[in-house]
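The structure under discussion appears below in the form of structure tokens.
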Amino acid sequence: MQSGHLAQHLARMQQPWRSSRALVAIPLGLIIVITVVDLRSPQYVHLGPLLVIAPAITASFSGPRTTGLIGALAVAAQVVIAVFHGGLTTTNHVAQIIALTVLSVFVVFVCLLRERRKQELAQVRSVSEAAQRALLRPVPHRLGPLRFGSSYLAAEKEACIGGDLYAVTRTDSGTRVIIGDVRGKGLASVGEAATLLGAFQEAAHHHTTLPALASALDSSVCRYLTHLPEADSEAPEHFITALLLEIPDHEPVARMTHCGHPPPLLVSHGGVTTAESTRPAPPLGMCGLVPDLYTLHEFAFRTGDMLLLYTDGVIEARDRNNAFYPLTERVAQWTRSSPDSLVQNIQRDLLAHTQGSLGDDAALLAIQRMRPSS
């Protein structure tokens with residue numbers, strides 16, 4: 001699998017290089033055509049100034065070196081034209097040579113700035129991807145009797161991470177899962193997401209019930225929020241919606257504590273229903289606004305059933321007509337899909353629905369109960 005990804009990456013790197021080499025024929029052809037036509041034209045016809053088109057075109061698809069070479073060839077062609085049309089001492093030709101040289105140097109300078117910007121952007125994206133791997137650890141495809149599929153789409157165009165989060169961890173008797181959504185989007189919410197994920201990975205092993213775990217996570221988030229700068233005018237409005245799940249290995253049930261997050265979808269016997277909680281609690285980070293309100297909701301989760309967890313960036317995504325994404329209807333079309341296939345189908349369909357422009361981060365996590373390994 002890794003060698004296949006490497007081959008695809010190398011192919012993507014080689015394709016622009018090969019296409020750039022082929023496109024160089026265009027400015028070279030222009031230089032030749034303009035030079036030949038100018039030499040065959042009467043002396044009062046001056047086509048030399050058109051040579052500036054060659055380096056300008058080259059800059060659109062190639063780097064500063066190739067652009068500089070094309071610019072030098074254009075200046076050389078202008079010199080040849082000058083020699084055969086009155087000589088280099090002609091004021092008009094000298095002015096054209098100087099102007100073409102200056103313009104070519106300027107185009108190369110612009111290319112250098114663009115290349116530096118590309119390098120900086122590539123470095124930022126590399127750091128962002130590393131941060132995403134550290135923050136959102138890859139969800140395993142199989143964990144105990146459960147099979148997983150996950151997807152994350154950041155609303156920020158140049159970011160790979162944002163305020164949505166999910167994590168999975170094993171306990172002595174089963175698997176615990178969290179999915180959450182920090183108020184806001186993009187890099188500004190990464191700190192709160194990291195705090196909650198770190199707290200969950202540790203606290204999930206020290207609390208026997210989900211309500212106790214939710215209370216501990218709420219305390220962790222509140223401690224983090226108290227250290228926000230006083231200059232942050234939105235600090236009092238920071239909170240995290242979350243959904244906690246506990247799936248025992250040997251019981252055909254799932255337990256849920258709901259903290260202001262959209263309820264999961266349950267795919268069972270070919271149908272799709274919403275696993276609503278009778279008493280949802282406020283989001284995490286309300287700092288004791290309503291203490292001891294976290295409750296436990298239990299529902300059937302049998303072999304072959306699948307749960308789809310998601311953030312509001314999915315169901316609140318709009319198309320060009322301002323219509324929300326119909327998640328339940330779309331999931332009903334893919335009830336026989338595997339967890340990986342389901343999230344991939346939703347991701348593609350969601351991007352098509354929004355024409356590739358998400359208004360908020362969107363996360364998906366599909367969980368299917370399989371038969372226990374013998």
Practice task
Can you send over the carbon and sulfur percentage of the accessible area for region 40-96, probe radius 1.4 Å, protein chains only?
Solution key: 68
Handout entry: Amide H within-cut-off set for Thr171, under 5 Å, with H built and near neighbours excluded
Key = Arg176
Fill in the blank from the handout: Sequence order, region 79-88: Karplus ³J(HN,Hα) from phi using 6.51 cos²θ - 1.76 cosθ + 1.60, θ = phi - 60°, Hz rounded, Gly and Pro as x, gives 5, 4, 4, 5, 4, 8, 10, x, x, 6
Completion exercise
Once amide hydrogens are built 1.01 Å from N within the peptide plane, the residues lying 5 or more places from Asp164 or on another chain with amide H under 5 Å from its amide H are Val182
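The values are calculated or read from the model by the stated rules, or taken from the named source; none is laboratory data. Computed from a predicted structure; not experimentally measured. Surface areas here come from the heavy atoms of the whole protein model, side chains and all, with no ligands, DNA or RNA. Shrake-Rupley method; radii C 1.70, N 1.55, O 1.52, S 1.80 Å.
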